[in-house]
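Input: a single structure, listed below in structure tokens.
The values are calculated or read from the model by the stated rules, or taken from the named source; none is laboratory data. Remember, it's a predicted structure, so these values are computed and weren't measured experimentally. Quick reminder, even Gly has a Cβ in these numbers, built from the backbone with ideal geometry, and neighbours come from all protein chains shown. Side chains are part of the model used for accessible areas, which takes the heavy atoms of the whole protein and leaves out ligands, DNA and RNA. Shrake-Rupley method; radii C 1.70, N 1.55, O 1.52, S 1.80 Å.
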Amino acid sequence: CFLIVSACDKRTAYRVRDYDCSFFFGLVFAVPSMMDASAATLDRATELIKCCKVPRLVDTSIEEGPLERATFEYFLHVLDGTLPLVFDLLAEHGTLLTGYDAYNEDDNVEFKAGLALVIAEQYSTEEQTPGEGGCLGEEYRTGKASLRKRIAQFYQGHELEHLLTDKGSDRVWRHLYKHYRRVLSPDEWKYHPADVTGFVQLIELLYGPYPLSAVSPPELDDDAAAYILSVGITLVEFFEPAYQLMGVRLFCVLLGPRHRPVMRRTNIHHVVYSNAKKLTNKCNQELFLEALWRCIYLYVELEEADRKDFTQWNTVDDIMEILLNGLTFQTKLNLSSIYLLYLVKLLALDRPNYIIDGLDEIQSIDRKCHLYEPVCEQLRQDCHDGFHNRRYYRWLHQIIQLLPHEALKCQGTLRDHGRYCHGVNLLFILVTFPVEPEALRPTHLGLQTNLVEFINVFKQYEQQQSSLASKRSSATSDFVYNTKALVSVSKTMLVFLTTRAPHYFPEHPAMATLGQKLADDYADCDSIMYNCMQSLIETLR
């Protein structure tokens, strides 16, 4: 009260003396009271969030077998009763608990770090798949639908992101890293499965490929990259595929486009690749295989995309060898689709204007088109007009040898068969179109035979589908989709026979004549029916 009065002029000071000063004394005593209440609320919230943190395993570890929900029975009972209280406090005192106070920077750091740990442990995505590590962590996650919904809202609705990126977040991250360095040490991490999943999810959220809403996304520094690498290596060296998958996910984060300067400065990407390469023969689960090949492809984009000299054996050749062997011996369509996708992506590495996100998802950047057939038409034209894919000349015969087998794989009634058919179409274009005539001399009988067999297999399949179509009273969406894929392949074969066949079959000029005849007969390529190539099949036989 004295300080307030002394700051006034004399006239104001006398006026204050003339009135009751109880207001000022009330204010002086109210401030500590309010501070005490805030501190009590913060302390209560901090203690509550500690109760929601999955505890260390005591009598077992993940090395001894799968976790069981019964192990966490008492913890789950506490979690279901305590976490709603935390969310209630957040709703009432959000600024106090998760805001930033320049004069009391450290007051709520422990709560914010604890909240981040709990949300990361308890959050699970809808696309997780049982049996492939996707449901890892369900043993210690709440089963209450309302709580799971609120956790998902906190994770997906930018609340967690703001917690980790807003002002003062550096202190939160220091607290988190201190915790993770303790619990994820080589001797300790197997007793902290929830911290493993939580760490991976936090790293993916902060440094992953999807843009944050923050104005300035956090940059990955050298120390953080080295630590993420060490955790990733620890996980991929564990025997359980679910943990190997999480290690590969960390590798994918490190190799992302955002962090290429750090990778080149530290050479961490070479260590990532050497560890990822060891896993290519270890696991055949779909989620793992897709993540592994995404990781390897990210490395190729980072290290090999600018190479101009293809005369010497290089990393891409090592990868092609692994990829083609995997595609050759894989019979399951879902796994074969992964090998085919990354084979196509590798073949398109020197075509930066095309982005291939899926076997039936190709986009043209320079002409801003994402419709499959128009982009394929542009790709056929580009390859015909002068692009020579010299990077893969040494693999030409082996890939063409695979084509007839791939044509058989995509035959079926499911939408996945049509999607695979689209992928085979892209493969055929990227392998046979961008080849210089000089590279095909002398002509190779085996190569010619495989091309003829490939065309023959597809034409027989078209006849079969045409026969089935004539007996249908209605068409399902899958049948229409598969038909579109076959028509697109037919258009590619037509262009091949018209423009590329003379180079592959120089001693058979009738091939080009036949292709031109078909082109004249079916000027509108979209009207090609399944029996239009019957004469070609007979000629090739």
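Of Leu220, Leu287, Leu255, Leu292, which residue is more than 18 Å from the chain's Cα centre (by Cα) and touching a residue at least 24 places away in the same chain (Cβ under 8 Å)?
Leu220
Return yes or no: is Glu121 charged (D, E, K, R) and either modelled with pLDDT of 95 or more or in the same structural domain as Phe239 (by the TED database) (or both)?
When the stated conditions are applied, Glu121 passes them.
Restricting to the range 218-235, and then to whatever is open to solvent by less than 60 Å² (accessible area, probe 1.4 Å) and assigned to a loop (DSSP other than H, G, I, E, B), can you tell me which residue is modelled with the lowest pLDDT?
For the range 218-235, the residue satisfying everything is Pro218.
Take the residues in the range 446-487 that are of a type in the set (Gly, Ala, Ser) and over 24 Å from Asp416 (Cβ atoms), then tell me which one is most open to solvent (accessible area, probe 1.4 Å).
Only one residue tops the list, namely Ser473.
Could you tell me whether the range 312-326 includes any residue that is outside any helix (DSSP H, G or I), in contact (Cβ under 8 Å) with a residue 40 or more places away in the chain, within 30 Å of His388 (Cβ to Cβ) and of a type outside the set (Gly, Ala, Ser)?
No, the conditions are met nowhere in the range 312-326.
Looking at the range 372-476, what helices (runs of 4 or more DSSP H) fall wholly within it and have at least 1 residues that are free of Cβ contacts under 8 Å to residues at least 40 places away in the same chain?
Answer list for the range 372-476: 372-384, 445-471.
For the condition within 30 Å of the chain's Cα centre (by Cα) and under 23 Å from Leu346 (Cβ atoms), what is the one hit in Leu427, Leu486, Leu440, Leu451?
Residue meeting the stated conditions: Leu427.
When the residues of the range 323-338 are filtered to those that are buried (at least 18 other Cβ atoms within 10 Å of the Cβ) and within 16 Å of His417 (Cβ to Cβ), which remaining residue is nearest to the chain's Cα centre (by Cα)?
Ile338
For the range 165-201, give me each residue that is open to solvent by 30 Å² or more (accessible area, probe 1.4 Å) and within 21 Å of Asp59 (Cβ to Cβ).
Arg182, Ser185, Pro186, Asp187, Glu188, Lys190, Tyr191
Can you confirm whether Leu279 is under 25 Å from Glu138 (Cβ atoms), open to solvent by less than 10 Å² (accessible area, probe 1.4 Å) and either hydroxyl-bearing (Ser, Thr, Tyr) or assigned to a loop (DSSP other than H, G, I, E, B) (or both)?
Considered against the rule, which asks whether it is under 25 Å from Glu138 (Cβ atoms), open to solvent by less than 10 Å² (accessible area, probe 1.4 Å) and either hydroxyl-bearing (Ser, Thr, Tyr) or assigned to a loop (DSSP other than H, G, I, E, B) (or both), Leu279 comes out as yes.
Of all residues in the range 351-366, which are touching a residue at least 12 places away in the same chain (Cβ under 8 Å) and open to solvent by 40 Å² or more (accessible area, probe 1.4 Å)?
Arg351, Pro352, Asn353, Gln363, Ile365, Asp366
Looking for whichever is open to solvent by less than 100 Å² (accessible area, probe 1.4 Å), of a type outside the set (Asp, Glu), closer than 15 Å to Pro193 by Cα and in contact (Cβ under 8 Å) with a residue 12 or more places away in the chain here; the options are Phe75, Phe87. Which one fits?
Just a single option satisfies the conditions, and that option is Phe75.
Return the residues of the range 420-445 that are more than 14 Å from Tyr392 (Cβ to Cβ) and open to solvent by 30 Å² or more (accessible area, probe 1.4 Å); say none if nothing qualifies.
Within the range 420-445, Pro437, Glu438, Arg441, Pro442, Thr443, His444, Leu445 meet the criteria.
Which residues, taken from the range 43-92, are among the β-branched types (Val, Ile, Thr), under 22 Å from Leu115 (Cα atoms) and in a helix (DSSP H, G or I)?
Answer for the range 43-92, where residues must be among the β-branched types (Val, Ile, Thr), under 22 Å from Leu115 (Cα atoms) and in a helix (DSSP H, G or I): Thr46, Ile49, Val78, Thr82, Val86.
Test each condition in (1) at pLDDT 90 or above; (2) of a type in the set (Gly, Ala, Ser); (3) exposed (fewer than 14 other Cβ atoms within 10 Å of the Cβ) for Gly131 and report the one that comes out false.
That leaves (1) as the condition not met.
Okay, residues lined up against (1) in the same structural domain as Lys112 (by the TED database); (2) part of a helix (DSSP H, G or I); (3) at pLDDT 95 or above; (4) under 26 Å from Arg69 (Cβ atoms):
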residue	(1), (2), (3), (4)
Arg174	yes, yes, no, no
His179	yes, yes, yes, yes
Ala194	yes, yes, yes, yes
Ser213	yes, no, no, no
Arg249	no, yes, yes, yes
Arg258	no, yes, no, no
Pro261	no, yes, no, no
Arg264	no, yes, no, no
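Just one of (1) crowded, with 20+ Cβ neighbours inside 10 Å; (2) without any contact (Cβ under 8 Å) to a residue 60 or more places away in the chain; (3) over 27 Å from Val109 (Cβ atoms) trips up Ala242, so point out which.
Only one criterion in (1) crowded, with 20+ Cβ neighbours inside 10 Å; (2) without any contact (Cβ under 8 Å) to a residue 60 or more places away in the chain; (3) over 27 Å from Val109 (Cβ atoms) is unmet by Ala242, namely (2).
Name the single residue, out of those in the range 409-419 being out of contact with any Cys (no Cβ under 7 Å at 6 or more places or on another chain) and open to solvent by less than 60 Å² (accessible area, probe 1.4 Å), that is farthest from Ser477 (Cα to Cα).
Among them, the one singled out is Lys409.
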